1. Any chance you could run the full-extension gain for ASP38 through GLU98? It's 0.36 nm times the residue separation minus the Cα-Cα distance, nm to one decimal.
2. In terms of solvent-accessible area of protein heavy atoms at a 1.4 angstrom probe, what is the ranking of ILE115, ILE100, ILE105, highest value first?
3. Which loop-located GluC sites (Glu not before Pro) does the stretch 56-88 contain, where loop means any DSSP state but H, G, I, E or B and the Cβ has at most 14 other Cβ atoms within 10 Å?
4. Can you sort ASP61, ASP102 by solvent-accessible area, 1.4 Å probe, largest first?
5. Kindly state, to the nearest 0.05, the FRET efficiency for GLU18 paired with ILE115, given R0 = 25 Å and r defined as their beta-carbon distance.
6. How large is the accessible surface of LEU97 in square angstrom, using a 1.4 angstrom probe and rounding to the nearest 10?
7. Residue by residue through the stretch 29-37, which ³J(HN,Hα) values in whole Hz follow from phi under the Karplus form 6.51 cos²θ - 1.76 cosθ + 1.60 (θ = phi - 60°), with glycine and proline marked x?
8. Which listed residue (ILE69, SER82, PHE59) has the Cα farthest towards the positive end of the charge dipole for the stretch 44-95, taking +1 on Lys and Arg C-beta and -1 on Asp and Glu C-beta about the Cα centre?
Amino acid sequence: MSAECYLSLMTREEQKQETYKHLKLSCIDVINDIGIKDIQVKDIIANAGVARGTFYFHFEDKEAILEDILQDYNRFLVKTLSSILKKFNNHSGRKILEQIADEVITFLETNTVFIHVYLEQMTSGKNVKRVRDGVNPELES
């Protein structure tokens, strides 16, 4: 089934969500290709194959999509670390910390876009704690 045919079977809301995800994945592709320093909205929409208006329907600007990507990575990392804490609930603190350290290192090695986006946010004066604090409620579950 072609992508166009697939999209035509989806509700409008599902299409919006798919486009939103597609834009973020395209942004990650562009960051991997050219780096974060020189990325522009035109690069993201060219890679995604969408109109500029479609991008701005979903995101206010380039910084908004980068922050959204960073939040996704933060949520994933928090979820992973939370599952470790639950899994090793009855083990020693050292064993838990070793497992967490392994997961964080693996995460950073396999998610270089996270590092690029996080550093860009930090060096541009963005409050990265605001992103982190928005994710912290997941730790309580």
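The values are calculated or read from the model by the stated rules, or taken from the named source; none is laboratory data. These figures come from a predicted structure and were not determined experimentally. Every residue, glycine as well, gets a Cβ built from its backbone with ideal geometry; the counts of neighbours run over all protein chains shown. Keep in mind that these areas ignore ligands, DNA and RNA; they rest on the heavy atoms of the full protein, side chains included. Shrake-Rupley method; radii C 1.70, N 1.55, O 1.52, S 1.80 Å.
1. Values: separation 60, 0.36 × 60 = 21.60 nm, distance 3.68 nm.
Full extension from ASP38 to GLU98 adds 17.9 nm.
2. Values: ILE115 60, ILE100 40, ILE105 95 Å².
The residues order as ILE105, ILE115, ILE100, largest area first.
3. Values: sites: GLU60, GLU63, GLU67; in loops: GLU60.
The qualifying sites are GLU60.
4. Working: ASP61 50, ASP102 90 Å².
Putting ASP61, ASP102 in descending order of accessible area: ASP102, ASP61.
5. Working: r = 27 Å, r/R0 = 1.08.
FRET efficiency, GLU18 to ILE115: 0.40.
6. Counting only protein heavy atoms, the figure is 120 Å².
7. Here the 3J(HN,Hα) series is 4, 5, 4, 5, 7, 10, x, 8, 4 Hz.
8. Of the listed residues, the answer is SER82.
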